[in-house]
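Here's the structure, in structure tokens; my notes come after.
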Amino acid sequence: MEKNYQKVKNYLLDLEYSIDAESESNGTFIISKEDEGIKNMVIACADPILIMEQPLFVLKHETANVLKELLKKNREIVHGAFALDENNRVLFRDTLQIENLDLNELEGSLNSLSILLSEYGQKLVEFAK
């Protein structure tokens, strides 16, 4: 796991993400790149996969319409998808195979989130109200 952890860390630094916290023993990072809308994103090296989760908002009112809209938007997202956790938080989540992970693949997933936030951010704010 150390090799994969260091590989992911190097990629994050190459992509100029701020590593706000990390735990090599847990294989986790908390990263930010606020100019791209990414803040407190959790990256977990969980061999054989890399898990990326960006908390977006807490779903205060579970309406069928909001959930339907999020599911429809999932179809348009290039990498990753919306997910709902046990605390009713809406997350962006993506998983990648870690063994053959390369810089371009990680960058593509992170860029997918940035594009999603720039195009759909206002709608997410509305859903959070």
The conditions are (1) under 18 Å from V8 (Cβ atoms); (2) assigned to a helix (DSSP H, G or I), and I43 fails exactly one of them. Which is it?
(2)
Looking for something in contact with a Cys (Cβ under 7 Å, 6 or more places away or on another chain), surrounded by 13 or more Cβ atoms within 10 Å (Cβ to Cβ) and either part of a loop (DSSP other than H, G, I, E, B) or not hydroxyl-bearing (S, T, Y) (or both) - is there at least one such residue anywhere in the stretch 14-31?
yes
Every residue in the stretch 80-101 that is outside any strand (DSSP E or B), in contact (Cβ under 8 Å) with a residue 12 or more places away in the chain and loosely packed, with under 13 Cβ neighbours inside 10 Å, please.
N87, N88, E99
Taking the stretch 38-51 and keeping only residues that are crowded, with 18+ Cβ neighbours inside 10 Å and closer than 20 Å to N88 by Cβ, one is left with M41
V66 passes all but one of the listed conditions (1) within 13 Å of the chain's Cα centre (by Cα); (2) buried (at least 17 other Cβ atoms within 10 Å of the Cβ); (3) farther than 15 Å from S112 by Cβ; the exception is number (1)
Being of a type outside the set (S, T, Y) and within 24 Å of K129 (Cα to Cα) narrows D35, D47, D94, D20 down to just D35
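Table: residues versus (1) modelled with pLDDT under 95; (2) hydrophobic (A, V, I, L, M, F, W, C).
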position	(1), (2)
E2	yes, no
K9	no, no
D14	no, no
D20	no, no
S23	no, no
F29	no, yes
K33	no, no
N40	no, no
C45	no, yes
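The values are calculated or read from the model by the stated rules, or taken from the named source; none is laboratory data. This is a predicted model, so every value here is computed, not measured. Quick reminder, even Gly has a Cβ in these numbers, built from the backbone with ideal geometry, and neighbours come from all protein chains shown.
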